[in-house]
Amino acid sequence: MKNHTPEPFTRKPSSHGYSSEELQEAQALSLGCVPAGPNAEAFVSAVAERIRPLIARKTTTAKQTPSRDRDKGKQKRVTETGIILAGLMRRGLRGKWQSVNEGHSGWFWQKERKLPFGHAAFWTKVNALKELGFVDYVPGKSWLTVWGVWQGEEARLRPSEALLSLAESFGCTKDTAASDWFLQMPSPVPPEPVPVLIGPFSDGGTSPTQPVPDSLHSYMARLSKAIAEHSFAGCAAPVLQMRFIGNLTLHGRIYAKGADNYQTMRKEYRRLITIDGEAVTEVDISASFLSIALIRSGCDLPDTDPYALPGLDMEKHRQAVKHWFVITFGAGKPCSKWPPKTDQNIRNSITASEIKRAALAHYPFLGQLHAVVLEDVMASVPDSDRSKAVGQYLTCLEAQIMRRAIEYVIKDGGIALPLHDALLVPVSWSEKARKAIERASTERLGRALRVTVG
C-alpha cells in the first residue's frame, strides 16, 4: 500500500513555516481538562470576554437596544473556553502541537468519546482565538501512519506567543502548569480491537504476514482484565496495545490509547494520578538501553551511574550524554554530530563528537554496536532498515522484561502499568515492582538490571 503523508506538514517549501517533524509528533488535544485555581480562572475569563464579540449571534432586529445585551451565554462560553484553553496549555506551554479533526465525522468527535461539547462549539471558539492571534494553526489532511491507521483532517493547534504572554501576566507559567490545568473528565477510550499489532519495518512498507502467537493475545487479555478491577483518577482508564515492527523480535512495547492516557503526560501531571485512591510512583530501569547493551556485550554493569564518562563534567553534561546514547542506539552507530532538532541548550553545551570520543574510550563495544543484535534477528531485517535494528532489538528485550515483571505484580494481586522502561504502580507496590523487574531481567539477561523508585 502506498504511504500517504500529511501534505501540509511535509511539503517543501511548506505553506506554514513550522517544523514538519514537530507537527507530525502532535498528540490529540484533551478536552477533559479544566482551569484550577484563581490565576487560571481569571486568565480564562479574560480570554472568554475577548472572544465574546467574535462569536456573538448576529441579529438583524432593528429594535435591539443595548439593554438587551445581557450575555446570557456567558457561563457556557467561559466553561467551554476554559476546557479548550486547559487542553491547549497542558502541553502547549512547552511549544508542543496538538491535533484535532476539522471534519465533524472524524474519530475525535465520535459520540463514544463523551466530549463535553461538540464540533461546532469547539471550532467557533478556536476560530475566534485564531482571529485574535491566540493560537498557531496548521490545517490538516488525510494521511496514513506507519501503523496503517488513517488520520483524517487533523489540524494542528498550539498556544501562540501572544496567548502564552497573556497567561504569564495572570501568573500561569510552565512552573505552575500542574496546578493550573487539571484533568478532571478524561475521555473514555473504546476497547482496542487489535490488542497486538505487527507493523511494517518502515514507512510505506508492506504489512508483515507473521501471525501473532496466542500467548501474546492471552497476555493482553489478562492485563486488560486486571486493569478493569481497579479505578483510576487523573487519567483515562487504560486501554493498551502491544506493537511490534516487522516481526516479534523488534520493538514490542505496550502503548496506552486515547487523548488522556497516562503515558503521554508529562511527569508533573502523571504524579497526580491515583489508582484506587492511592498515589502512584514510577519504578524505572536505570539507563535501560545502555545497561541491556552492556550485558548483551558481555560487560559488567558499572557500580555508579552508567552514563558517567571519564573526562566529562557529568554534573554539567549528563543530560547531553544521555541524549547522545538515545541517538546512538536509535541510529545503530555512535553519534558524531547533533541532529538539527537537538535541544539548543545541549548543542551549545558540548559537541556530539566530544561525547563520542569519551564514550568509545569507556565502552569500546559501542564501536561494533550491531553485534548486540542476534545474527538471525539482524538477518530478518531488510538492508534498508538494519541501521535501526539495534534500537528496536533493545526495545524488544526491555519490553519482554517489563511484560514479565507486570505479570509477577498482577499474580501477587497488584497492578502495574507499562511505561516503556518503567512501571507505574501505587506507592505501596513500589518495592514489589522493583523486585519483579530485577527477577524478570535476571531471567531474560542472566543478570539483574539496576532499578530505581520515584
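The values are calculated or read from the model by the stated rules, or taken from the named source; none is laboratory data. Quick caveat, the model's predicted, so the values are computed rather than measured. Positions of Cβ are backbone-derived with ideal geometry, glycine not excepted, and every protein chain shown enters the neighbour counts. Accessible surface areas use protein heavy atoms only, side chains included; no ligands, DNA or RNA. Shrake-Rupley method; radii C 1.70, N 1.55, O 1.52, S 1.80 Å.
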Cα-based Rg and Dmax for segment 372-454, in Å, come out at 14.8, 47
Working note, the chain: Cα radius of gyration (Å, one decimal) and Dmax (Å, whole number) are 24.1, 87
Rounded to the nearest 500, the 222 nm mean residue ellipticity computed for the chain from DSSP H runs (n ≥ 4, each -39500 (n - 2.57)) alone is -12000 deg cm²/dmol
Taking R0 as 60 Å and r as the Cβ-Cβ distance between H370 and E41, the FRET efficiency 1/(1 + (r/R0)^6), rounded to the nearest 0.05, comes to 0.60
For the chain, the accessible surface attributable to carbon and sulfur atoms (probe 1.4 angstrom, ligands and nucleic acids excluded) amounts in percent to 51
Farthest towards the positive end of the dipole of the chain, among I273, A331, A48 and with Cβ unit charges of +1 on Lys and Arg and -1 on Asp and Glu, lies the Cα of A48
The pairs in K130/K267; K341/K432; K72/K130; K125/K267; K316/K341; K257/K341 lying past 32 Å Cα-Cα in this model are K341/K432
Straight-line reach check, K174, cutoff 14 Å on alpha carbons, 8 or more apart in-chain or any other chain, hits among aspartates and glutamates -> E161, E268
Label model pair K322, V453: point-to-point distance (7 angstrom along the Cα→beta-carbon line) in nm is 2.1
Charge tally for neighbours of P188 with beta carbon under 10 Å away, counting Lys, Arg as +1 and Asp, Glu as -1, is 0
Zone reached by a paramagnetic label modelled 7 Å from D313 Cα along Cα→Cβ, restricted to segment 334-350 with backbone N below 20 Å, covers 343-350
Here segment 88-101 yields Karplus 3J(HN,Hα) values (6.51, -1.76, 1.60; θ = phi - 60°; whole Hz; Gly and Pro given as x) of 5, 6, 3, 10, x, 4, 10, x, 7, 7, 9, 10, 8, 5
Once R439 and K174 are pulled to full extension, the length gained, defined as 0.36 nm per residue separation minus their Cα-Cα distance, is 91.5 nm
In nm, the gap between the two label points placed 7 Å beyond Cα toward Cβ at T209 and F117 is 5.2
Output ordering of 364-370, 246-252 (per-residue mean of other Cβ within 10 Å, highest first) is 246-252, 364-370
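With r as the distance between the Cβ atoms of D305 and A379 and R0 = 35 Å, compute the FRET efficiency 1/(1 + (r/R0)^6) and round to 0.05.
0.50
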Segment 344-392, Kirkwood Rh and Cα Rg, ratio Rg/Rh at 1.12
Note on segment 205-283: the mean projected area of its alpha-carbon convex hull, in nm², is 6.6
Interchain or sequence-distant (5+) residues whose placed amide H lies within less than 5 Å of the amide H of F201 are G246
